[in-house]
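A quick write-up on the structure given underneath.
Derivation of every value follows stated rules applied to the coordinates shown; laboratory data play no part. On a predicted model such as this, the values are computed, not experimentally measured, just so you know. No Cβ is skipped: glycine too gets one built from the backbone with ideal geometry, and neighbour counts run over all protein chains shown.
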Amino acid sequence: MYIALVIHVNLANMIKKEITIKIDNKKYKGFEGESILDIASRNNIFIPSLCHHPDLDIKANCRVCVVEIKGLNKLCTSCSTVACDGMEIYTNSPKVQVSRNTNLKLIFSAHIEKCIDCTSRFDCELLSLARRYSLNIATFKDRKGKRKTYKFSNSVEIDGTQCIDCKNCVDACSNIQKINYLKKDGKGFKQEIKATKDKNIDCIYCGQCTLHCPVASAQEQCDFSEVEKILENRKGKKVIAFFAPSVRVSIGEAFGLPYGYNSSGLITASLKRLGFDEIFDVNFGADITTMVEAEELLERLGDKKAVLPMITSCCPAWVKYVEFYRPDLIPNLTTSRSPQIHLGGIIKTYWANKLNLKGEDIITVSIMPCTAKKHEANRDNLKIDKMKPVDHVLTVRELAFLIKKNGIDFKNLKEEKTNSLANDGSGAAVIYGASGGVMESALRTANSVICFSSKAKICHSRLEFKEVRGMEGVKEASLNLGGKKLNVAVVSGIGNIAGVLDNLDKYQYIEVMACPGGCIGGGGQIIPSSREIVKKRMAGLYVDDKRHKIRKAHENEEVLNVLDYIKNKKMYTKLMHTSYKKSNRGD
Amino acid sequence: MTRNILSEIKKAALVGRGGACFPVHTKWEAVKATKGKIKYLVVNGAEGEPGIYKDGYILENYRKDLILGIKIASDFIKADKIYIYLNLNFFNKYKQSLNREAKKVGLSDKIIFILKPINSGYIAGEETTILNIIEGKEIGPRIRPPFPTCEGLFGKPTLIHNIETLYNVSLVAQERYENKRFYSVNVINKNKGVYFLPSDLSIEEVLVKTNNYPSYDFFVQVGGDADGQVLNMNQLDSCVSGAGSITIHNLRNHNPEKLIKNWLKFFKDNSCGNCTPCREGTYRLYELFEEQGIDMIRDPRVQDLCDNLYLSSFCALGSAVPNAFLSYLKNVYSPCNTCKSCKYD
């Protein structure tokens, strides 16, 4: 069956017959098997669509992308209709206008406008379509005023008053992530998206539902207004912001910059404009994480009693997965804290000390590509002397919103540098944003450390580990670490985890990122996001890696200084490591 | 048994009696022509449209013939399994006796009975929705193409037929088919019955032959009490469409508001919720009726909602939603229906 399918697909690719269709009386070329929407999009012919997402199966339920095909009485949805040679298509005929406009008006009235506080306000697809076709968004009465908002931890929420029933969230949760937490409940006009009643399933806070929602009904639980209040009234405190590796290659998209464009300097400048006192780069935290994790890996590999494989833990959605679904794997998780927690802790101790400040006088705001990082920042066992290393987490979307809301001309800002007391990290830190990056960073360092400690005359320590890069769901490699074979696996997207969990014995080291592509495909990323877009963000990270003079964490001298300081102060375990425990539903 | 059942069916011009009237032999040929070791037969015994009772009538009276029809279809496509999908009433009443009949022809190992989910409504009689239900998926229609004949149940070529269709297959095989069909005739507030008569009769002829032609001014709804066409007394020379029902209403004595409300409420409550035009459109039509009563017909939004239902609904059930409402307004409704100066006088 599987073989037959592969042959079928290959044949289809090989034969790919060219076809000619007419759209609005003009001829266009396409290939057999392409949808009308595919061909139209490629030729810059605008057809609106809401439920269509390139990474999801076609559902054709919003009925906004309808077109008229000559010879057919009823309309067809362009997303689901395969173009045939000679087809004559009209995208704006009277029938199309009635239908498209009516469907849009119906959708507008199923979505209560909460524009003032909506982070999508500046990029709202609904408002843009209403303007484009001059439609009254209040043609019908709002009908979902009494719907509930369902909150999952402090990370994600589904606001029933805004849902347009496209079910992209359900598909992202079930088909991409294979978590099956979100379900449609009820039918017809009463249906709503809810958490499953199954007690054995819990949300892992990955936020893929939010990334695929066309109308911000599924969205992060916003922290931006809290942060705004703090910035308006600091009460004598220093307010610090720092941003994750992946943020730099995606936020530009919200301001018309090319995919993968490195906006580090612009982000720093814009955060300063927003009023943050100091800006740090989470890359520094990532180098710290690499050091801690590489050390633990070597320790485990050298200890016959140690639990293997060691599995990464910097993805909080994956940690939640283990704590809920597979608590038996807790001993496998590296006890290293994550980059944002490392950096927050360092700022509130090391950096505070340098400036004669108390940790309590610092408020840290972390800009993350992630909704689960909000949950992570709230974990009690990460506190350092009752202080949260990270006080607030904003998604990239929330930051982009704040920048737009404050009228900051992001693109034309003068680039600025992050705080120099903790630098902007090595190339190994940048690639944390991509699937395989954490493993590659740890391997770069572990490989060097083991080589030098073995007193070899020449150390051919490897720099690049391309076998763990890329968008594949599971990447496997057999590597040489100090003369020993190291079998590794990299899981990109929690939906691909099953195969690896079934074969744990095969590996010594595993990286898991819950979102496809890693943090550049994270649930807090800029919308739209798709596999194709994630690939471009990924390329941006590897370009940045190459640009760095220092590409290994252990060659970052400031990192070594900080680690020395922490060790001397006997804070190493407290700041660098953490623990996990079995979690219950909703924890 | 006939030698070549397919050509017999083609010659008899059998069409699907679920309502769509699709030629039976075309479906059979399509399933046969699709490559694949595993193929399925699905028997649709949902009978969910108000006003239609003929599948129940066949189950009550002709189970042996039905099973024969199932066997012939199953043999023809070499079905791996046969799914008999029944509504709760049929399931409770006929499952065991159908199984007994199936055993007699050596079919019972192949047959799996599926109960139509409780409260699943109207949509759960739509054929691709039935496939989803059997597979344990969400209750709602599938995108076509692919058509079930190529990629149906569990992705395999699948033949889906209504109960009456398979009964007709057995008649063809036994050389008893006489181009008849079952008519469900309903007289509001009176008797109802199922009649087996030639399928080319006009509506008027059916009413006359069954002694149901009213002595009063009336109008009819044909092809289902939910989405069937509404016709006046001068429009009775066409054949009976859809799943073959005729429901008689008293022109003078009917309540237009109640009638419209019933239709609109039915669709609002039965929409599966999958697509915007049907989920939202049926809700809004009902809402506008609640707000304005019959005056809603002058609201321009109503025409848009109806046009949109027809033009862009995901499945045929959605497209058919405005049928009854619009044809009633066009063919029957007049504000003066209850006064003496009406044009129908």
Practice problem: Using +1 at the Cβ of each Lys and Arg and -1 at the Cβ of each Asp and Glu in the protein assembly as shown, identify which of B:Y286, B:G125, A:N233 lies farthest towards the dipole's positive end. | Solution: B:G125
Exercise. Take the alpha carbon atoms of segment B:1-95, find their radius of gyration, then divide it by 2.2 N^0.38 Å using N residues; give the quotient.
Key: 1.13
Quiz item: Cβ under 11 Å from A:A286's Cβ, A:A286 left aside: what net charge do those residues give with Lys, Arg +1 and Asp, Glu -1?
Solution: -4
Self-check item: Where only alpha carbons of segment B:76-143 are counted, the Rg and the Dmax (Å)
Solution: 13.0, 38
Practice problem: Excluding residues fewer than 8 places away in the same chain, name every one of the lysines whose C-alpha is closer than 18 Å to that of B:K110. | Solution: B:K37, B:K39, B:K64, B:K71, B:K78, B:K81, B:K95, B:K156
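I'm a student and want to see the number: the projected area of the Cα convex hull of segment B:229-288, averaged over all directions, in nm². Don't skip to the answer; put the middle values down first.
Numbers: hull surface 21.6 nm².
Average projection, Cα convex hull of segment B:229-288: 5.4 nm².
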Quiz item: Between B:G106, B:G318, B:G69, which gets the highest mean-square fluctuation from a Gaussian network model of chain B, Cα cutoff 10 Å?
Solution: B:G106
Quiz item: Roughly what would the spin-label model give for A:F122 and A:E34, points 7 Å off Cα along C-beta, in nm?
Solution: 3.4
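Between A:K386 and A:K582, take the C-beta separation as r, use R0 = 41 Å, and let me know the FRET efficiency to the nearest 0.05. Please list the in-between numbers first.
On the way: r = 24 Å, r/R0 = 0.59.
Rounded to the nearest 0.05, the efficiency is 0.95.
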Quiz item: What lysines sit close enough to A:K485 to cross-link, taking a C-alpha to C-alpha distance under 25 Å and skipping anything fewer than 8 places away on the same chain?
Solution: A:K304, A:K305, A:K455, A:K457, A:K466, A:K475, A:K506, A:K552
Quiz item: Hey, got the Cα dimensions of chain B along the principal axes, in Å, largest first?
Solution: 64, 43, 34
Self-check item: Residue-wise HN-Hα coupling along segment A:174-183, computed from phi with Karplus coefficients 6.51, -1.76, 1.60 (Hz; x: Gly, Pro)
Solution: 8, 7, 7, 8, 6, 8, 6, 7, 8, 9
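Based only on other Cβ atoms within 10 Å, what is the fewest-to-most ordering of A:T445, B:T26? Show your work: numbers first, answer last.
On the way: A:T445 26, B:T26 13.
Arranged by neighbour count, lowest to highest, A:T445, B:T26 become B:T26, A:T445.
Listed here are the pairs A:K238/A:K388; B:K32/B:K180; A:K141/B:K268; A:K374/A:K417; which of them are more than 20 Å apart at the Cα?
Working: A:K238/A:K388 15 Å; B:K32/B:K180 27 Å; A:K141/B:K268 16 Å; A:K374/A:K417 26 Å.
B:K32/B:K180; A:K374/A:K417, as the Cα separations exceed 20 Å there.
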Quiz prompt | Simple Cβ-charge dipole of the protein assembly as shown, Lys/Arg +1 and Asp/Glu -1, about Cα centre, in debye nearest 20 | solution = 980
Exercise. Considering the options A:F224, A:I566, B:N89, tell which one lies farthest towards the positive end of the dipole of the protein assembly as shown, charges being +1 on Lys and Arg and -1 on Asp and Glu at the Cβ, about the Cα centre.
Key: A:I566
Quiz item: Under unit Cβ charges (Lys, Arg +1; Asp, Glu -1), what dipole magnitude, rounded to 20 debye, does segment B:5-173 have relative to its Cα centre?
Solution: 520
Quiz item: Taking only C-alpha pairs under 8 Å that are 6+ residues apart, what is the relative contact order of segment B:180-250 in percent?
Solution: 38
Quiz item: What residues have an amide H closer than 5 Å to that of A:N487, excluding those fewer than 5 places away on the same chain, when H is modeled at 1.01 Å from N in the peptide plane?
Solution: A:L479, A:Q508, A:Y509
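Helix-only estimate, please: 222 nm mean residue ellipticity of the protein assembly as shown, summing -39500 (n - 2.57) across DSSP H runs of length 4 or more and dividing by its residues, to the nearest 500.
Details: 32 runs with 331 residues, N = 932.
My calculation for the protein assembly as shown gives -10500 deg cm²/dmol from helical runs alone.
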Exercise. Please work out whether segment B:180-250 counts as rounded, prolate or oblate from its C-alpha gyration tensor, where a ≥ b ≥ c are the square roots of the eigenvalues and a/c under 1.5 means rounded, while otherwise a/b larger than b/c means prolate and anything else oblate?
Key: rounded
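Just the ratio, please: alpha-carbon radius of gyration of segment B:256-331 over 2.2 N^0.38 Å, N its number of residues. Before the final figure, lay out each step's value.
On the way: Rg = 11.0 Å, N = 76, 2.2 N^0.38 = 11.4 Å.
Against the compact-globule rule of thumb, the ratio is 0.97.
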Quiz item: Tell me, what does the Kirkwood hydrodynamic radius of segment B:5-173 come to in angstroms if you use every pair of distinct C-alpha atoms?
Solution: 15.7
Quiz item: Just going by the charge dipole of chain B, with Lys and Arg at +1 and Asp and Glu at -1 on Cβ, which of B:Y183, B:S245, B:G155 is farthest out on the positive end?
Solution: B:G155
Quiz item: Where does helix B:63-77 land angle-wise versus the long Cα axis of chain B, in degrees 0 to 90, nearest 10?
Solution: 70
Quiz item: By a straight-distance test (C-alpha under 15 Å), which aspartates and glutamates pair with A:K190 as possible cross-link partners, with residues fewer than eight away in the same chain excluded?
Solution: A:D142, A:D159, A:D165, B:D269, B:E280, B:E287
Practice problem: May I ask you to give the average projected area over all directions of the convex hull of the Cα atoms of segment A:115-221, in nm² rounded to one decimal? | Solution: 7.5
Quiz item: Which whole-Hz ³J(HN,Hα) couplings does segment A:465-474 yield from phi under the Karplus relation 6.51 cos²θ - 1.76 cosθ + 1.60, θ = phi - 60°, glycine and proline marked x?
Solution: 10, 5, 5, 9, 8, x, 8, 4, x, 10
Quiz item: Contour minus end-to-end for A:T20 and A:K74, with contour as 0.36 nm per residue of separation and end-to-end as the Cα-Cα distance?
Solution: 17.2 nm
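Quick one: net charge of A:G436's neighbours, Cβ under 10 Å, K/R +1, D/E -1?
Working: positive: A:K466, A:R469, A:K475; negative: A:E440, A:E467, A:E472, A:E511.
Surrounding charge for A:G436 is -1.
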Quiz prompt | Folded to 0 to 90 degrees: helix B:24-33 orientation relative to chain B principal axis, Cα | solution = 40
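How do A:I341, A:I176, B:I188 line up, fewest other C-beta atoms within 10 Å first? Can you show the working numbers first?
Working: A:I341 28, A:I176 24, B:I188 15.
Going from sparsest to densest Cβ surroundings: B:I188, A:I176, A:I341.
Give the shape of segment A:519-576 as rounded, prolate or oblate, defined through the alpha-carbon gyration tensor: a ≥ b ≥ c are the square roots of its eigenvalues, a/c under 1.5 means rounded, and otherwise the shape is prolate if a/b is larger than b/c and oblate if not.
Details: a/c = 5.56, a/b = 1.94, b/c = 2.87.
It comes out oblate by the Cα gyration axes.
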Quiz prompt | Long-range amide H partners of A:V239 with built H, under 5 Å | solution = A:D277, A:E278, A:I363
Quiz item: Can you work out the base-10 log of I(q)/I(0) for segment B:82-237 at q = 0.09, 0.14, 0.15, 0.20 1/Å, using the Debye formula on its C-alpha atoms alone?
Solution: -0.42, -0.96, -1.06, -1.31
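Determine, from the Cβ-Cβ distance of A:C84 and B:K78 and an R0 of 35 Å, the FRET efficiency 1/(1 + (r/R0)^6), rounded to the nearest 0.05.
On the way: r = 31 Å, r/R0 = 0.90.
The value I calculate is 0.65.
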Quiz item: Can you give the angle from 0 to 90° between the axis of helix B:276-292 and the longest principal axis of chain B, with both taken from C-alpha atoms, to the nearest 10?
Solution: 30
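When 1/r is averaged over all different Cα pairs and the result inverted, which Kirkwood radius in Å belongs to segment A:180-228? All intermediate terms of the calculation are to be shown ahead of the outcome.
On the way: mean 1/r = 0.0787 Å⁻¹.
For segment A:180-228, the Kirkwood estimate is 12.7 Å.
Taking a ≥ b ≥ c as the square roots of the Cα gyration tensor eigenvalues, with a/c under 1.5 meaning rounded and otherwise prolate when a/b beats b/c, else oblate, which class fits segment A:2-108?
Oblate.
Under the Kirkwood approximation applied to all pairs of distinct alpha-carbon atoms, what is the hydrodynamic radius of the protein assembly as shown in Å? Don't jump to the answer; show the numbers that get you there.
Values: mean 1/r = 0.0320 Å⁻¹.
Hydrodynamic radius (Kirkwood, Cα only) of the protein assembly as shown equals 31.3 Å.
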Quiz prompt | Inter-label distance, nm, simple model (7 Å from Cα along the C-beta direction), B:E135/A:K574 | solution = 5.7
Practice problem: Please give the FRET efficiency for B:S238 paired with B:K192, using the beta carbon to beta carbon distance and R0 = 25 Å, rounded to the nearest 0.05. | Solution: 0.70
Quiz prompt | Normalised contact order of chain B, rounded percent, pairs of Cα under 8 Å and 6 or more residues apart | solution = 18
Quiz item: Which value, in debye to the nearest 20, gives the size of the charge dipole of segment A:447-587 about its Cα centre, when Lys and Arg are +1 and Asp and Glu are -1 at the Cβ?
Solution: 340
Self-check item: Pairwise label distance in nanometres, A:A306 with B:E29, each label 7 Å out on the Cα-Cβ vector
Solution: 7.0
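Counting other beta carbons within 10 Å of each residue's own, what order do B:D269, A:D502, B:D225 fall into, fewest first?
Details: B:D269 16, A:D502 9, B:D225 20.
With the sparsest Cβ surroundings first, the list reads A:D502, B:D269, B:D225.
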